[in-house]
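Below is one structure; the comments refer to it alone.
The values are calculated or read from the model by the stated rules, or taken from the named source; none is laboratory data. These numbers were taken from a predicted model, which means no experiment stands behind them. Reconstructed Cβ throughout: ideal geometry from the backbone, glycine too, with neighbour counts over all protein chains shown. What goes into the accessible areas is simple: the full protein's heavy atoms, side chains included, and nothing from ligands, DNA or RNA. Shrake-Rupley method; radii C 1.70, N 1.55, O 1.52, S 1.80 Å.
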Amino acid sequence: MNIILLGPPGAGKGTQARRLMDKRGMVQLSTGDMLREARSSGSAMGKRVAEVMDRGALVTDDIVIGLIEEKLAGGAPGGFIFDGFPRTLAQADALEGLTERMGQELSAVIEMQVDDEALIERVTGRFTCGNCGAVYHERTHPTAVEGVCDACGSGDLRKRADDNADSMRQRLMEYYKKTSPLLGYYHAKGLLRSIDGLAAMDVVERAIAELLDRA
Ligand code: AMP
């Protein structure tokens, strides 16, 4: 089963994708994570995209499609969770072509709905563990011991360069302009399901599980 988690930045796509990996053995494909990895490796592509990401703009379609194509080739018996991809209609078309060629299909596109003010609050307080990827929030979900990851004990806690209010407003604008048309696209294909992304993480997880059990 292959699914897309669709929603604005901060909607909780990454958190839920990680839960689906743990519980269902699916493989998360986050283009944001792939691009951050490329940046920190210092590769030529990483250098090219760094400034675009910090500004909150979208990286060009050919770069992200290339990244996804590479990962899809590895296959995933439990299926893929697309997190933060596709973000444009061109990416959605490319994904359709790639899955078709592999004899695979999309089972569901899950829209996580969250209002803008809640997103800005979530994202500006967010920090993550550089070692295991656990996600925290300065006010609503701090670590038990300051500076130490609850999940793995690492002291490598990081704030993303683009998790600030200015960049976030830009990212939201990009979402509404370029990504939200995908809601209509997947609705027309009969794949779109929507859930309340503002609910508690466990409630969101259950809502997704119910949708997948019915897909
Ligand atoms: P994310 O971690 O999904 O919020 O992505 C962080 C940043 O990476 C975005 O603001 C974009 O600059 C870039 N990015 C991630 N995924 C894509 C994509 N599918 N298309 C274009 N840019 C992307």
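For this structure, a couple of remarks:
- Projecting the alpha carbon convex hull of region 1-76 along each direction and taking the average yields 5.6 nm².
- Most to least accessible of M45, M173, M34, M21 (protein chains only, probe 1.4 Å): M173, M21, M45, M34
- Average accessible surface area per residue within region 1-95, 1.4 Å rolling probe, Å²: 42
- Taking the alpha carbon gyration tensor of region 78-119, multiplying each eigenvalue by 5 and rooting it gives semi-axes of 25, 13, 7 Å, largest first.
- Neighbours of G147 by Cβ distance under 14 Å: Lys/Arg scored +1, Asp/Glu scored -1, total -2.
- Accessible area of region 141-215 belonging to carbon and sulfur atoms, whole % at 1.4 Å probe: 53
- Rg/Rg_globular for region 138-187, with Rg_globular taken as 2.2 N^0.38 Å and Rg from C-alpha atoms: 1.71
- Relative frequency of Cα-Cα separations exceeding 18 Å in region 108-193, percent: 56
- Protein accessible area in region 34-77, 1.4 Å probe - carbon and sulfur %: 54
- Helical content of the chain, expressed as a calculated mean residue ellipticity at 222 nm, amounts to -14500 deg cm²/dmol (DSSP H runs of 4 or more residues, -39,500 (n - 2.57) each, divided by residue number, nearest 500).
- Among beta bridges identified by DSSP and lying wholly in the chain, the antiparallel ones come to about 30 percent.
- Peptide ranges 118-129, 176-187 listed from the most packed, as the mean C-beta count within 10 angstrom indicates: 118-129, 176-187
- Summary of the geometry: region 63-125 and region 126-170, compared by the centres of their Cα atoms, lie 23 Å apart.
- Listed values for region 117-133 are Karplus-derived 3J(HN,Hα) couplings in whole Hz (6.51 cos²θ - 1.76 cosθ + 1.60, θ = phi - 60°), namely 5, 5, 5, 5, 4, 5, 6, 6, x, 7, 9, 10, 8, x, 8, 10, x, and x replaces Gly and Pro.
- Solvent-accessible surface (1.4 angstrom probe) belonging to S107, in square angstrom, nearest 10: 40
- Candidates I3, M21, S40 compared by Cα position along the dipole of region 1-97: farthest toward the positive end lies M21, with charges placed on Cβ.
- Rg to Rh, two decimals, where region 54-211 supplies the alpha carbon set and Rh follows Kirkwood: 0.97
- Surface exposure of region 133-215, expressed per residue as accessible area with a 1.4 Å probe, stands at 59 Å².
- Each Lys and Arg adds +1 at its Cβ and each Asp and Glu adds -1 at its Cβ; summed about the Cα centre, the chain shows a dipole of about 160 debye.
- Computed over the chain: relative contact order in percent, which uses C-alpha pairs under 8 Å that are six or more apart: 29
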